[in-house]
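The values are calculated or read from the model by the stated rules, or taken from the named source; none is laboratory data. Predicted model, so just to flag it, every value in this text is computed and none were measured. Cβ sites come from the backbone with ideal geometry, for glycine too, and all protein chains shown count toward neighbours.
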Amino acid sequence: MSRASLFLSAVRGGSWEARLRRIGRKVLWTALVLLGITVISFGVIHLAPGSPTDMETTLNPLAGEAARRQLESLYGLDKPLYVQYWDWLTRIVQLDFGRSMSADSRPVLDKILERLPLTVGMNLVSLMLTLLIAIPIGVLSACRRNSLLDKTVTILVFLGFAMPSFWLALLLMLFFGIELQWLPLSGLTSLDFAQRDFWGKAADLASHLALPILVYTVGSLAGMSRYMRACMLEVLRQDYILTARAKGLSSAVVIWRHALRNALLPVITLLGLSVPGLIGGSVILESIFALPGLGQLFYAAVMARDYTMIMGNLVIGAVLTLAGNILADVCYGLADPRIRAAGEER
Amino acid sequence: MPRCLRRFLGRHSMLALGLGLVLLMSLAAMAAPLLAPYDPNMPHDAVFAPPSSEFWLGTDRLGRDIFSRLLYGGRVSLWVGFVAVGISTLIGVVLGLVSGYFRGWVDELIMRVVDVMLCFPSFFLILSVIAFLEPSLTNIMIVIGLTSWMGVARLVRAETLSLREREFVDAARLAGCSTSYILWRHILSNALAPVLISATLGVAGAILVESSLSFLGLGVQPPDASWGNMLLEGKSALEIAPWLSVYPGMAILLTVLGYNLLGESLRDMADPRLRR
């Protein structure tokens, strides 16, 4: 985990001047990563065959060569690639994501922002659930290593790792949606949603989101509890745990206060690193459950070769990823007593 | 069963189970033409037939035999897994060796590229590329390979960094061995175990990505069977023919489980701290 302390090491120790310089360097580096991502994406997407004008021109017998050229110059696709990239970049730094190249040609940012809350919200809820379940499981199976509990958990974890999320989604739909008829199969709201009162609406949303959130949670639960267990085993091997036990502290205090706090640190880093996977996973799950989120938007954009939309999504995805990393670093700093102590000395 | 074998199985039950699953799935895929009761693409009159003695796992909307399609789909999934991991391992090993052995600005550059690639929502990129190119088997394998080499690169670099300081590497250098010979003969051969372990786990990951792509309709194209596109067909008939959705997923689960168990138990065996 070499990225563990992207920002953490910058804040720790040294004079204020040195700290500021290090923070500046990290911020610069983050910006460079973002730039690198946009360069690769832009290149890959624009060099690939096919064009967003295909739908209206090549596939439309009524449109001729002139119409195609006109459309291309409208979108700026007739300029050299580096000019196109530079144009795009100068607009993006002003937060102008451009207009969608699809038929509605609405601003990309509007379309993304109206989809973002659902995807981010679902991921956050399932992340909370994952942590609530995975941390106790990981700790318990580390403390009772090779017990029946540990072995059961290990088996479940391996099954969870190997389970394709979309298959789990299908099975759950089959069981809860078709066999038991408890939950709706897909979509975000029922047909009579507008007529319901507040609680009716909330219950309707909850029943539609229950299965997707369950699938998200199961998907990340395996990795998280396995990782928690490994970190806990590593910490329990340390000398300061032996010291704490030798002092006569109860094992509950040793485990939940001394060991857990240290074992949580790498888990925080893992959370930051798991963002790209969550974003990618939303494409599949939102398409199965027909949820109007970011993943579905991206899928539609890719299918229509909507360049501005795809680039917008990739940028937002990268920003979310980097934000996850930075947030993980900040939390890391807050959770690590050694760093807090270093801050209080001043 | 001989006693030593029994003891081995008792002590390494995870390894044995993993190896068993991997072998079972590989053999089934290789022997698909011998084992399959029907041609996987031949339609029968019995449409959406439930599992029976005639069609062991039932038939789909065109009356094709699910069991035969599963066997042939397995060939696709395993082939994609192996080739994609081959590509990513090759890239990762070369970049990791260069990075760890020469250090300096080359190392810095390669590791920064690794950082950038790890920040990528790579499934987004895979999707865009596959959708833009023809969704063919070759493209899928290349794209998965090109987006999953970062872990191997870091691993090999770390091994190389420690191996290059060892006496036998100094001795080889003094004896006048060429750099490529040292890298190949002395460093890579000593770093082979972790690379193979990560490749084993990589096969599992690649199979999952391929089935996700096929499930979105961007992977293996009909009429050819793959476990992912069989599930896609199953989804549209979830209410009338649930068996279409059950078995292909089970095949993915067992295969991925096999590779994961194998890789993880090999890793545990290689880690001296966990050895008791």
Which numbered condition A:L205 fails, given (1) touching a residue at least 60 places away in the same chain (Cβ under 8 Å); (2) surrounded by fewer than 17 Cβ atoms within 10 Å (Cβ to Cβ); (3) assigned to a helix (DSSP H, G or I): (1)
If a residue must be among the aliphatic types (A, V, I, L, M), modelled with pLDDT of 85 or more and in contact with a Leu (Cβ under 7 Å, 6 or more places away or on another chain), how many such residues does the stretch A:272-287 contain? 2
Residue under question is B:V156, and the condition is that it be among the β-branched types (V, I, T) and free of Cβ contacts under 8 Å to residues at least 60 places away in the same chain; does it hold? no
With the checklist (1) within 18 Å of A:M163 (Cβ to Cβ); (2) free of Cβ contacts under 8 Å to residues at least 24 places away in the same chain in hand, flag the one item B:A206 doesn't pass. (2)
Identity of the residue in the stretch B:90-134, away from every other protein chain (no Cβ under 14 Å) and touching a Ser or Thr at 6+ places or on another chain (Cβ under 8 Å), that ends up surrounded by the fewest Cβ atoms within 10 Å (Cβ to Cβ): B:V106
Filter result for the condition that a residue is touching a residue at least 60 places away in the same chain (Cβ under 8 Å) and either crowded, with 19+ Cβ neighbours inside 10 Å or in a helix (DSSP H, G or I) (or both), over A:N262, A:N313: A:N313
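Residue-wise test of (1) buried (at least 18 other Cβ atoms within 10 Å of the Cβ); (2) touching a helix residue (DSSP H, G or I) at 6+ places or on another chain (Cβ under 9 Å); (3) farther than 21 Å from B:V94 by Cα.
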site	(1), (2), (3)
B:V169	yes, yes, no
B:L174	no, no, yes
B:T179	no, yes, no
B:G202	yes, yes, no
Can you name every residue in the stretch B:40-62 that is surrounded by 15 or more Cβ atoms within 10 Å (Cβ to Cβ), under 32 Å from the mean Cα position of the chain (by Cα) and assigned to a loop (DSSP other than H, G, I, E, B)? B:P40, B:N41, B:P43, B:F48, B:P51, B:F55, B:L57, B:G58, B:D60, B:R61
Condition broken by A:S186, with the remaining ones in (1) outside any helix (DSSP H, G or I); (2) away from every other protein chain (no Cβ under 14 Å) satisfied: (2)
A:L35, sole failed condition from (1) within 14 Å of another protein chain (Cβ to nearest Cβ); (2) at pLDDT 80 or above; (3) in contact with a Phe, Trp or Tyr (Cβ under 9 Å, 6 or more places away or on another chain): (3)
Name the residue, out of B:E264, B:E239, that is surrounded by fewer than 24 Cβ atoms within 10 Å (Cβ to Cβ), within 10 Å of chain A (Cβ to nearest Cβ), in a loop (DSSP other than H, G, I, E, B) and at pLDDT below 90. B:E239
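Residue-wise test of (1) modelled with pLDDT of 90 or more; (2) aliphatic (A, V, I, L, M); (3) closer than 22 Å to A:S287 by Cα.
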residue	(1), (2), (3)
A:S186	no, no, yes
A:G223	no, no, no
A:D239	no, no, no
A:L265	no, yes, no
Could you tell me which numbered condition A:L132 fails, if it satisfies all but one of (1) within 19 Å of the chain's Cα centre (by Cα); (2) surrounded by 13 or more Cβ atoms within 10 Å (Cβ to Cβ); (3) under 30 Å from B:M14 (Cα atoms)? (2)
Matching option when the condition is among the aliphatic types (A, V, I, L, M), over 25 Å from A:A31 (Cα atoms) and touching a residue at least 60 places away in the same chain (Cβ under 8 Å), among B:V143, B:V93: B:V93
Conditions (1) charged (D, E, K, R); (2) facing chain A (nearest Cβ under 10 Å); (3) buried (at least 18 other Cβ atoms within 10 Å of the Cβ); number of the one not met by B:E210: (2)
Being among the small types (G, A, S), within 19 Å of the chain's Cα centre (by Cα), in a helix (DSSP H, G or I) and away from chain A (no Cβ under 12 Å) is the requirement here; does B:G145 meet it? yes
So if I check each of A:S147, A:S126, A:S141, which one is of a type in the set (S, T, Y), over 25 Å from A:L211 (Cβ atoms) and touching a helix residue (DSSP H, G or I) at 6+ places or on another chain (Cβ under 6 Å)? A:S141
Say we look at the stretch A:212-257 and pick out the residues that are surrounded by 20 or more Cβ atoms within 10 Å (Cβ to Cβ) and free of Cβ contacts under 8 Å to residues at least 40 places away in the same chain; which of these is nearest to A:A142 (Cα to Cα)? A:V235
Residues that are free of Cβ contacts under 8 Å to residues at least 40 places away in the same chain, more than 12 Å from chain B (Cβ to nearest Cβ) and closer than 22 Å to A:T269 by Cα: does the stretch A:136-158 have at least one? yes
Identify all residues within the stretch B:1-39 that are hydroxyl-bearing (S, T, Y) and either in a helix (DSSP H, G or I) or under 16 Å from B:L261 (Cβ atoms) (or both); write none if there are none. B:S13, B:S26
